[in-house]
Structures are given as structure tokens and as C-alpha cells.
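*Asks:* Dumping the structure here so I can ask a few things about it.
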Amino acid sequence: MRVLDVSDLPVGTADSRALLWWGNLGMMAIEGTMFALLLATYLYLRMVNLDWPPASVPMPDLLLPTINLVMLVLSCGVMLMADRAALRGNVTLVRIGFAVCVLVGIAFLVLRAMAMSMIGFKWSSHAYGSVIWTSVGMHTFHMIAATGEALLLLIYSLVRKVEKKQLLDFRCTAVYWYFVTISWLPFYVIVWLLPHLSRKS
Amino acid sequence: MTLGLPGIQSTLHPAGPQAQRILDLFDVFLIVTTVVFVIVVVLTVAAVVKGRRRREAIGEDTRGMKLAVGTGAVLTIAALITLLVTSVATGRAVGTFGGGNPDQMEIVVTGHQWWWEVTYPDPQASNTVRTANEIHIPTGQPILLRLATRDVIHSLWIPRLHGKRDLIPGRINKIYIQADAPGVFRAQCAEFCGLQHAHMSLVVIAQTPGDFMQWKIHQQAPANDPATPQQAHGRELFLDLPCINCHAVTGTDAYATLGPDLTHVASRKTLAAGTLINNHGNLAGWVSNAAAIKPGAQMPPIPMNGPELQDLLAYLENLK
Amino acid sequence: MTEERGQTEAAMEATWAPARGFLGWFTEVDHKRIGLRYIVTALCFFTLGGIEAAIMRLQLAGPERHVVGPDFYNQLFTVHGSTMMFLFAVPVMEGIAIYLVPLMVGTRNVAFPKLNAFGYFIYLFGGLFLYTMFFCGAGPDAGWFAYTPLSGPQFSPGKRIDTWSQMITYTELSALVVSVEITVTAFKQRAPGMSLNRVPLFVWSMVVTSFMIMFAMPAVMVDSGYLALDRLVATHFFNRPEGGDPIFYQHLFWFFGHPEVYIIFIPALGFISSIVTAFTKRKVFGYSVMVASLVFTGFMGFGLWVHHMFATGLPQLGQSFFTAASMMISIPTGVQIFCWIGTIWHGRLTIRTPMLYVLAFFFDFLIGGLTGVMLASVPINWQVHDTYFVVAHFHYVLIAGAVFPLFGALHFWFPKWTGRMYGEGLSRVAFWLVFIGFNLVFFPMHILGMIGMPRRVYTYQPQLGWGGLNQLATLGVLPLALGILLMFVNFALSRRRGAPAGPNPWDADTLEWSVSSPPPPYNYLHVPTVAGGHALWDAAPDQPVVVGMRTDHREVLVTKAVDAEPSHREELPSPSIWPFLVALTTGITLCGAIFYAWWFTMGTVLTAFALIGWFWPKREPLPEAS
Ligand code: HEA
Ligand code: HEA
Ligand code: CUA
Ligand SMILES: [Cu+2]
């Protein structure tokens, strides 16, 4: 009997060949589509309305959201470091990176809550309010999930020995973190910036 | 092409240029697709016969078969281009028909759950005609219909004159219709709009321009005054009962617009958006308990005794 | 040698042992069992949907009948349409894919078995939720696409529409997880040697379907999500006076809805390729053209949605574009049909019941496809949109285009799934009943549409003259239902008493036919290798098998996406209760939210805990030093 012996092949990997890595990509494709549809909603409603945002909408304050954005983008650098470390199997560095990012995530959520409390209209005020609140809400929800995931892995890495195959979980969390950051960029523009740049009326 | 099929609401019995053009286009499609159908079925049967006779399958993809499939693809593309071109041409013809005439006659059709409000606007407000569930048009000229809705989406469909167009909240849609000869064309709401979507029909009545003018002038007149004491009592009732919360009768204190305008209700052929023939018995049944006839209809049962009902009916039936 | 084999077998039996007992039903992760569950559940919903249809047909059999009233009738067609689309057609295709794709690519389970179990439970809960509400008299009643503002807070108070929008969320969640699994399994777990140009056409069709699901289903979740928000927390997405737009609802729905019909149809094309190959004893003509057609259809499917909205009065030019696109999509479909005809022409054809259904597909789907081309013409569409002509079109494409191939597939793989043959004679009787009944029911509807009958009317007046054709349509349900019933009876009887099938009763070509029927829990004792596009026909007499994988862990071989070179091994999870629990908490969240908004928050927290349980790695026995 001819055979193909695979006993030499590694068991599990932490790189982009892993099944979970691909699954994670699939999930991000789905969520990315959803964010794209939210954007499309904004653009569509802008197209069909003569005054946009409605005159009653105050100019948003840019300070908090901008700090938040910068913080989140910078945290991606830390994540990238942790990500690389995971690929090399350097657990200490992974722990440090995740700890920093969890802190950033929590700070982000606090600032986000403050920014949301200052929005000045409700989701039930008008369609503009509906789409803005839904966008911000969806992203916040994802941010909570990403922070929670990072926190959970951090705790796990502190109480248990991290096996080689679990390094993949850290890497997928990192990729998700980039995803949540990148998907916010266009929303930062439409939610906070656009009312300053162009108003239809 | 009508094959003896019933024609009162049929796309196969066009009565105006719009519907006629579309039917012509449909015939082109029907012929082309029938040819395609026959060819493909014949080929399938032939393949089955061949395949069953074969002792040994031909394993590779032969050049001959590649050619055959390629030809099929090319023919498909050619057929589709033909269809596309004729379709777009008809679309343009139908879409531009009637446009560009400044003194176009305009009718506003407004959808309600589950009846049609029909208005003939006039620069002079008192000359504006309001009626329900009936569109009267003069023959031989394009008429512009402006479509609006008070509540959900409806769709106006007069198969013998034109295809359908939706009535959408916040928008005004426009279509042009034209009837070539006098006639009565049934029409129906085509977009599901709730409980009584099935009973939201109307009639289009095409009349010679002369007859149409006569009709319009009559409709512009205020409602008939009661001619008998019974009718007078009926009017009193009408104005005392909740009727005036919903209905209008010009020349009286009733001017609500939640329900059909009743100024000339007795001149209409049907009641309740084509649900009933307009006659004494049906009117009596409707006024005493509308929802029993048309479950869900947004007109409440109005309690009154027999004589009162008769008086009220006498009044309504005088609203010619 | 045989002793060695026996030992391996025993070890594999132990490692891959299915979950047993009552609890085992909730913890099972075997793709075959979950796939079968999907299929059986979907067929139950099909029966329910069919019974609803039969009641509708009774009501419409003549003018002004009083079998049901308008309120119940509206629930009937809404629940019928939603059941058939969301609880039957999509899940049944997914179930078959879950069963077959891992076998066809030569692996031991799907990539994410726990997720797979979760997907099934969430689907089941969605269906049960809809039917619970329906039997309580609160079935949705605004049609299977629930247009606003009719479905909005103002015109549909109560819980009916909320039920519908949550059912969507459940079932789409399930479809989405399946799509990810199938894609990853098909790209990363193929047997060594099965490079992309050797992948069975059925697997290709499921890959294309899965991609379509990933990009289409989010649209309906967003859409029904907005609707739920409009209804529950007073947002204004579709409320024109406050700046929303009801037409936007339609755009979003059909951006999903059109791909949805191809999501149902493309797997059926895969069945046909499998069946035609087996019964003509030759490869399908033009493999690469077939794959290209599938991919092209998948892409084009996203560019047609406006053809459902021609009557809304959008600008003419834009509409012509969608006419052109709709016609273009006929080209790949036509090419595939030509390729199959060519295959049959050059093949050695035997006709068994699966092949009969395929031939019925050719005949009847053709009619449906051609009426689709008519509908795609804007002026024709203005006349026949929302009439029984459309009802006829979509039953021809859905039933003849997807359900006939499905019935063919059920017969074709029945021996694989149960180990026994179905009864051929009975199945032919059933076939003819279904075929004749189907045409009797739905052909007259074309004419009814042409002579003015709108869809979704609970009754019509006698003077319209639609009585006769409607009566004919109703009569046709009798043979149709009888045929389907007979098919089910045949399956039930044959499951126990049918002749033993052996591994490959059809002498077919794909890998699943190389293992016993039904396959063992681990599918392949040794992961196979593949030498051609038809794994079994092209195999060398001494085709190598893969050795060196652990038998004491649930290991699968991961290969490279394009050429399927072995890459590494991965361990898959054992049975687990967490998927069920997460589905349960998600279910509670979704159905609770429509009654009390705060349930949503509470349910989410609960779900978060369940998810932690799911993902928390199990403590491993210390690995041997290696
Ligand atoms: C399995 C599902 C399925 C499939 C495959 C299709 C296939 C097609 N459909 Fe259909 N469709 C539905 C399911 C499906 N449809 C449903 C469910 C609805 C209604 C939803 C609702 O309102 O409830 C609908 C409605 C619908 C409409 C809107 C009708 C309306 O509401 O007004 C339109 C309009 O363009 C349309 C067009 C088409 C076209 C052009 C195809 C094409 O893909 C067909 C292509 C196939 C062929 C053409 C035959 C084979 C080709 C050849 C042999 C080549 C030679 C052919 C020529 C030269 C013409 N469909
Ligand atoms: C895959 C999808 C699918 C399938 C298979 C079917 C199957 C059937 N459908 Fe359809 N249908 C839709 C999808 C589907 N449908 C959709 C999407 C709509 C639009 C809804 C909307 O407008 O919102 C619709 C709408 C629709 C209408 C229009 C309603 C209206 O507009 O008012 C009608 C009317 O005749 C109808 C009839 C039928 C019939 C008779 C069958 C038959 O083929 C069913 C046959 C099956 C069985 C009968 C069950 C199996 C039988 C047994 C186990 C035996 C025991 C049963 C009995 C004795 C009754 N359907
Ligand atoms: Cu109005 Cu249907
Ligand atoms: Cu479509």
C-alpha cells in the first residue's frame, strides 16, 4: 500500500494557515458587510433628504471623539507588537500588549460614553438621529466585544499556561482589534466630522 | 390572442395605446421564449434518446460538442439582445407617451386603506371635483394621473389601459393613460396593503369628451337638496350621526376626508371600492354594518333604528 | 496488516464516538448527524408550509369562498412564504452541504463543529418561535418581505411583525455560520491532491452559495433590524415625515432577496451535476465553464435587485440597466443547461428516479426561467408585477428549479445516508404524481396573472371569471401532495426494509461513495488522496492514503487552499453542551427583546457568559515532550 505520511507535519499553527484564522476572516467579511450597509444607509438617507443633518442638530464637539480615535489607532501599534510576539511564542510580551490594549479599550469606552451623552439629539428625534445612534451603538457594541475578548485572554494567560495552539486565539483577537479600529474610521468622518464640513439645507 | 378568456380586467384585452404597446412587446417575448423552449426541450429529448442508446460514454469533451454549446451561448446572447432592445424601445415609448403637453388634463388619485380618492383639481377651488373609486376620463387623449397615498403603499393597476404604478408615502408618481373608445375598465390595487387589499378595486369609465364634460359639470355642482321630508330628515340624521366625522357632502357642514366624498355618491356604480353594486339593499347593509361586508373596513357600525336607516338611505340615494 | 487496521479502527471508533443518550442529542458535533437534523427539520417545515398552501388553495378554489377570513389568510401566505424561504429552502440546502461537503472533500468533520451545532439550534429555535406565535394567533401578516409602512409601528401594532423580524435574525445567523464553515472546510480541508480544478461541482456550488450568503444575509439582518428598531424604540429609518424612506426598506430587502433566490437555486445546480455525472458515467461537459458560470451567477446575483421594484417608478434609465443585468444572468444558466444536455448526449444514460427529477427540472425550470426573462422587461413587468404571473414564475423556479433537484438529491444520497436503497417503483409513482400535480397547480397561474388576478388577495368576485382556472390549480394540489406524501412514505419504509446499498450503489465518482453507507463517525479511516477530478474513477489501483495522523485525538488534515498540499494537522473539538446553551441564551435574548426591551441587555450578558464557557480552553493532559 502506498502511503502519504503526515506524522512530521506540525499539529496546529498560529499563522495564517490555521482554520480559525480563516473562520475569523469570514466573520469579519460578514461584519464588514454590515458596517458597509450602515454607511450606505447614511449616504442614502442623506441623498433623499433636503436638509441633512436637520437644522436642529448641534455641531458636534470634536475633542473627545478625536482623542478616542487617536488612542484607538495608536493601540493598534501595541496590538501589532503583541501579535508578532504571539507568532514568535513570546508570552510575556503578549501579556503586556494585551494589558495595554484592555486599558485603552476601557478608556475608549468611557470616553465614548461621555461623547454619546453629548450628542444632543435622540435616535427617535429624526432619521438622522436614528442612523447616527445606530452606527455609534453598533461600533460601541463591537468595541465592548473586542475589549472583553482581550480581557478574557489576558486573564487566561495569567492563570493558565499558554499552549502553542492558544497563541492563535491571541492573534485572531489582534486582527479583530484592527478590524474594529479600521471600520470606525469612515464613521468617525460621518458622525463627527461631516456636520462641520458640509450641511445640506 | 384573447382565447375567449374573461376580459374585464385583462392585460390581453388592451383598450388604449399604452396597454397595446405592452401587449405587443409581450407577444414578441412570448414568441422568442416559445422558440427557445421548443429547441431546448427537443435537444433534451434527443440527448436522452442518444444517451440511452450508447454502450460506452464518450469521456472527453469533443470539439463538436464544444462548438454546439458555443453556438447555443451565442444564440442565447443574440436572442437576449433582441429582447433587450425591443423592451427598452417599448419602455421609452410608453414612458414618454403623453408628456410635454402643457394643458394636460390631470387627475390626482390618492390611496387609502381600502379605497381610492379621486380628485380633478381646478385652479378655482370650488370647481375641484372629488369622488371615489371611479375615474372618469375623456377618450382619445392622454390623461396624467398623479398618484399619492394617505397611509401605506398601494398600487394602481388598470390592466386594459396601462401597467401598474405604486402609490408611495412622501412621493408623487405619475403615469399617463389613454382610452381609445368609451368603455368601463375594472382596476385593482396590486400592492398588498392589509386586510382588505382584495377589495380595493375601482372602475375607469371612459366617455366621449362631450359626455365627460357633462359628467364633470354635474359633479362640480353641490349636492342635491332634499326633495322630500324623509330625505330632509335623512340629512339631519347624517349631520347628527358620526358620519360627518369622516365624510364630506358639499353644500352641508360635512367636509371630513377620512372617508369617500359622498356629494354624488348615488351617481356611482359601486360602493366600498368595488365591493358592492350600488343599490338600495347594498347601501342599507353597508351603512348599518360596513365591517360585516368588508371585514376590517375603517367605517364603524352606526347604531340606528329601521325608520332612521330608511330616512338616511333616502337622503343618500338622492345624492345623484 | 488487517490486525493493524482493526486496531486503528477501534481507536478511531473510541476517539470519534458520537455523543450518546438524551444529553448526547444536545452535545453532538458530528457533521453527518447535524446535517441530517437540518434536512429532517427543514422537511417538517416544508410539510407545514405545504399544508398552509393547501388551505390557501382551498380558499381560492372558487370566488367568494369562506374557508378562512382575510386576517388568517394574510397570516397564511406570510407564514407560508417565510417558512418556505427561510425555514425550508435555505436550511435544507445547508443541511445537505453540511453532510456532504466534508465527505466530498475527504475530511472528517467541518472546520468548526461546535459552531455547526450552534447554527442548527438557533435555526430550530427560530422556526419554533415563529410557529408558536402563529399557533397563538400572532403569525406575521405583512407578506414574506413585510414592506414598510404596512409593517411599521403605525399600521401593524402588536407582536406579529416583531415575530417575523426576529425569526429572520435567527435563521440568518444560522445561515451565516454555515456559510463560514463550508467555505473554510472547502478551502482548507480538502484531501491531498484535490487541487481547485478537481473540486466536485457540488462543492463549488456550495462555495459560491456560501459567499453569496456572507454578503447578502447581512442586508436582511440590517433591514429587519431597522424595522425592529422603528417598531420597538421609535427610530425613523422608514418613516418619511421624519426623514426616513420606505423605499430604502425595499432596496435593502431585495439587495438580499434577489441573491437569496440564487442561494436556493445554486446548490440545486450542484445536485444536478452530481446526479448527471453518476447516471451518464462521464464527467460533466465543460468543467471550467460550469465553474465560471456558477461564479458569474454569484456575482451577477447582486446586481439585479431593482427588478423587484420596477413598479415603484424609479428613473427609467436605471431600470433598463437592471433589465439588461437580469437578462445577462440567463446566459450562465443557459450555458450550464447546454453543458448538461451535452453530457447526457455523450454519456451512457440510465434513468433512475434522481435522473427523472433532473429531466423534470429541464422541462419546468426552463418555463420558470423564461417567464423570469419576461418579468425582467420593464414594460411587461408593469403589467404582471404582483400578479399570479409572478406567483407562477417563482413557484416554477423554486419548485422545478430547486425542489425537484432536491427531491432528486434526496433519492440519490438516500442510500449513503441510511445504508439502504429506496423503493424504485414507488418512487416513480410519486415522481409522476408530483410532476403532474405541480404543473396543474402552477401553470394556470400564468394565465390568471395575465387576465388580471393580483397576488395576496384572499378572495375575488365571480364576475371576474377567474374561478375555473383557480379550481384547476386547487385540484392539482391533490396529486402533488399525494406524491410528496408517497415519497416520504417510501423513505420511511425503505429506511428499515430497503435493500442494503453498499458503499457505492450508483458507481458514482465522488469520495463519499468510497466509504461505507452510512459512513463511520470519522468518515475516513485514512484520509484519502485524489488523482483527478473524479476521485473514485480517476484513482490509481494503489492510490495512496494518508497515514501518520493521531488516532487518539480528533485530528483533521489541513491542506493548502489552492493545490491542497498537506499543510498541518489540527485537532477538532469533542461533543459539547455550550453551543446549545449559547443558542438558548441568544434565543431568549431575541424573543425576550420584543416583549421587554431590557431583556435584550439581560440576554446579552447571559450570552456573554455562555460564550466564555464555550471558548474557555479545556485543561489538557500534559502533552508528552515532543
Ligand atoms: C430559485 C429561485 C429563482 C430563480 C432561479 C429565478 C430566476 C430568475 N428570475 Fe425570479 N424570482 C424568484 C425566484 C427565482 N427567480 C422569486 C421567489 C421571486 C418573487 C419574489 C416575490 O415577489 O415574492 C422572483 C421574481 C422575479 C422578478 C420580479 C417579479 C415581480 O415581482 O415583478 C423578476 C423580474 O425581473 C425575476 C426575474 C428572473 C430572471 C430573469 C431569472 C433568471 O435567472 C432565469 C434564467 C434562466 C433561463 C432564462 C432559462 C434557461 C436559459 C436558456 C435555456 C438560455 C436561452 C434563453 C433565452 C434566449 C431567453 N424574478
Ligand atoms: C420554496 C418555496 C415554496 C414552495 C415549495 C411553495 C409551495 C407551494 N406554494 Fe407557495 N409561495 C412561496 C414559496 C413556496 N411555495 C413564496 C415565497 C410565496 C409568496 C408569499 C408572499 O406573498 O408573501 C408563495 C405564495 C404562494 C401562493 C400565493 C398566495 C397569495 O399571493 O395569495 C400560493 C397560492 O396558491 C402558493 C401555493 C403553493 C402550493 C400549492 C405549494 C405546493 O407546492 C406545496 C406542496 C407541499 C405540500 C402539500 C406538503 C407535503 C405534503 C404532505 C406531507 C402530504 C400531506 C399534506 C396534505 C394532505 C395537504 N404559494
Ligand atoms: Cu391597496 Cu392593496
Ligand atoms: Cu430577483
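*Asks:* What's the longest uninterrupted piece of chain B once you rule out the GluC sites (Glu not before Pro) that are loop residues per DSSP with at most 16 other Cβ within 10 Å?
*Replies:* Excluding the exposed sites themselves, the longest stretch runs over B:61-320.
*Asks:* To continue, here is another question. May I ask you to derive the relative contact order of chain B, considering only C-alpha pairs under 8 Å and at least 6 residues apart, and to give it as an integer percent?
*Replies:* 16 percent
*Asks:* Next question, about the same structure. Could you work out the Kirkwood radius for the stretch C:446-592, taking every pair of different alpha carbons, averaging 1/r and inverting it, reported in Å?
*Replies:* 22.1 Å
*Asks:* Can you tally the net charge around C:Tyr38? Count Lys and Arg as +1, Asp and Glu as -1, for every other residue whose Cβ sits under 13 Å from the Cβ of C:Tyr38.
*Replies:* That works out to -1.
*Asks:* Taking only protein heavy atoms and a 1.4 Å probe, what accessible area per residue, in Å², does chain C have with all protein chains in place?
*Replies:* I get 31 Å² per residue for this part.
*Asks:* Let me ask another. Which loop-located trypsin sites (Lys or Arg not before Pro) does the stretch C:396-478 contain, where loop means any DSSP state but H, G, I, E or B and the Cβ has at most 11 other Cβ atoms within 10 Å?
*Replies:* Filter output for the stretch C:396-478: empty list.
*Asks:* To continue, here is another question. If you place +1 on the Cβ of every Lys and Arg, -1 on the Cβ of every Asp and Glu, and leave all else neutral, what size is the dipole of chain C about its Cα centre, to the nearest 20 Debye?
*Replies:* About 880 debye.
*Asks:* Then there's this: Around C:Leu60, under 14 Å between beta carbons, what's the net of Lys plus Arg minus Asp minus Glu among the other residues?
*Replies:* Counting the neighbours of C:Leu60, the net charge comes to +2.
*Asks:* Wrap a convex hull around the Cα atoms of the stretch B:162-320, take a quarter of its surface area, and give that in square nanometres.
*Replies:* 10.5 nm²
*Asks:* Please report, ordered by residue number, every helix of chain B (full DSSP H runs) that is 30 Å or longer along its axis going by C-alpha atoms and whose mean Kyte-Doolittle hydropathy reaches 1.0.
*Replies:* TM-like helix candidates: B:17-53, B:63-96.
*Asks:* So how much accessible surface do A and C hide from each other in total, probe 1.4 Å, in square angstrom to the nearest 100?
*Replies:* Approximately 4600 Å² gets buried when A meets C.
*Asks:* In percent, how large is the relative contact order of chain C, given Cα pairs closer than 8 Å and 6 or more residues apart?
*Replies:* Once normalised by length, the contact order is 20 percent.
*Asks:* Mind putting a number on the dipole of the stretch B:139-213 about its Cα centre? Charges go on the C-beta only, +1 for Lys and Arg and -1 for Asp and Glu, and I need it in Debye to the nearest 20.
*Replies:* In debye, rounded to 20, the stretch B:139-213 gives about 160.
*Asks:* Going Cα to Cα from C:Lys560, which lysines come in below 17 Å? Please leave out same-chain ones fewer than 8 positions away.
*Replies:* C:Lys188
*Asks:* While we're here: Where does helix A:167-188 land angle-wise versus the long Cα axis of chain A, in degrees 0 to 90, nearest 10?
*Replies:* Computed tilt is about 20 degrees.
*Asks:* Then there is this: Just to confirm the number: angle between the C-alpha axis of helix A:91-117 and the first principal axis of chain A, 0 to 90 degrees, nearest 10?
*Replies:* 10 degrees
*Asks:* Could you work out the relative contact order of chain A, using alpha carbon pairs under 8 angstrom and six or more residues apart, expressed as a whole percent?
*Replies:* Worked out over chain A, it gives 36 percent.
*Asks:* List the trypsin sites (Lys or Arg not before Pro) in the stretch A:116-201 that DSSP assigns to loop (not H, G, I, E or B) and whose Cβ has at most 15 other Cβ atoms within 10 Å. Which are they?
*Replies:* For trypsin sites (Lys or Arg not before Pro) across the stretch A:116-201 that sit outside H, G, I, E and B with at most 15 neighbouring Cβ atoms in 10 Å, the list reads A:Lys122, A:Arg160, A:Lys161, A:Arg199.
*Asks:* Moving on to the next point. Just flag the trypsin sites (Lys or Arg not before Pro) in the stretch B:1-85 sitting in loop per DSSP whose Cβ has no more than 15 other Cβ atoms within 10 Å.
*Replies:* B:Arg55
*Asks:* Step through the table entries B:Lys164/B:Lys269; B:Lys216/B:Lys320; C:Lys32/C:Lys114, compare each Cα-Cα distance with 20 Å, and write down the pairs that go over it.
*Replies:* B:Lys164/B:Lys269
*Asks:* Ok, one more. Where q = 0.05, 0.08 Å⁻¹, what log10 of I(q)/I(0) comes from the Debye formula for the protein assembly as shown, counting one point per Cα?
*Replies:* -0.38, -0.93
*Asks:* Please turn the phi angles of the stretch B:106-120 into ³J(HN,Hα) values with the Karplus equation 6.51 cos²θ - 1.76 cosθ + 1.60 (θ = phi - 60°), one per residue in order, whole Hz, x for glycine and proline.
*Replies:* Each residue's phi maps through the Karplus curve to give 10, 10, 9, 10, 10, x, 10, 6, 9, 8, 10, 9, 10, 10, 10 Hz.
*Asks:* When N counts the residues of the stretch B:1-88, how does its alpha-carbon radius of gyration compare numerically with 2.2 N^0.38 Å, as a ratio?
*Replies:* 1.62
*Asks:* Given +1 on the Cβ of Lys and Arg, -1 on the Cβ of Asp and Glu, and no further charges, what dipole in debye does the protein assembly as shown carry about its Cα centre, rounded to the nearest 20?
*Replies:* Computed about the Cα centre, the dipole is about 2040 debye.
*Asks:* Another question, then. Work through the residues other than B:Asn245 whose Cβ is under 15 Å from its Cβ and net out their charges, Lys, Arg +1 and Asp, Glu -1.
*Replies:* Its environment carries a net charge of -3.
*Asks:* Going by alpha carbons, how many degrees (0 to 90, nearest 10) lie between the helix axis of A:127-159 and the longest principal axis of chain A?
*Replies:* Its long axis makes an angle of about 20 degrees.
*Asks:* Next question. Shielding by partners for C:65-72, please: the mean number of other protein chain Cβ atoms within 10 Å of each residue's Cβ.
*Replies:* What the average comes to for C:65-72 is 2.
*Asks:* Work from the charge dipole of chain C (Cβ charges, +1 for Lys and Arg, -1 for Asp and Glu, about the Cα centre) and give the residue of C:Val515, C:Thr107, C:Leu606 farthest towards its positive end.
*Replies:* Of the candidates, C:Val515 comes out farthest on the positive side.
*Asks:* Compare C:Trp164, C:Trp432 by solvent-accessible area with a 1.4 Å probe and give them largest first, with all protein chains kept in place.
*Replies:* C:Trp432, C:Trp164
*Asks:* Can you return the lysines within cross-link range of A:Lys200? Criterion is Cα-Cα under 24 Å, with same-chain partners fewer than 8 residues away left out.
*Replies:* Within reach: A:Lys122.
*Asks:* Given the options C:Pro541, B:Leu258, C:Met300, identify the residue whose Cα lies farthest towards the positive end of the charge dipole of the protein assembly as shown (+1 on Cβ of Lys, Arg; -1 on Cβ of Asp, Glu).
*Replies:* Farthest towards the positive end: C:Pro541.
*Asks:* Please compute, for peptide B:168-176, the average count of beta-carbon atoms on other protein chains lying within 10 Å of each residue's beta-carbon.
*Replies:* Mean number of neighbouring Cβ atoms from other chains: 5.
*Asks:* Taking each residue of B:42-55 in turn, how many C-beta atoms of other protein chains fall within 10 Å of its C-beta, and what is the average?
*Replies:* Average neighbour count from other chains, rounded to a whole number: 6.
*Asks:* Still on this structure: Under 24 Å Cα to Cα from C:Lys281, which lysines show up? Leave out anything in the same chain fewer than 8 places away.
*Replies:* Here the lysines satisfying the reach criterion relative to C:Lys281 are B:Lys50, B:Lys66, C:Lys416.
*Asks:* If amide hydrogens are placed 1.01 Å from N in the peptide plane, which non-local residues have theirs closer than 5 Å to the one on B:Arg165?
*Replies:* B:Leu156
*Asks:* Still on this structure, please answer the following. Evaluate 2.2 N^0.38 Å with N set to the residue count of chain C, then give the Cα radius of gyration divided by it.
*Replies:* 0.97
The values are calculated or read from the model by the stated rules, or taken from the named source; none is laboratory data. Only a predicted model underlies this, so the values are computations on that prediction, with no experimental measurement involved. Glycine also receives a Cβ, built like all others from the backbone with ideal geometry; neighbour counts cover every protein chain displayed. Keep in mind that these areas ignore ligands, DNA and RNA; they rest on the heavy atoms of the full protein, side chains included. Shrake-Rupley method; radii C 1.70, N 1.55, O 1.52, S 1.80 Å.
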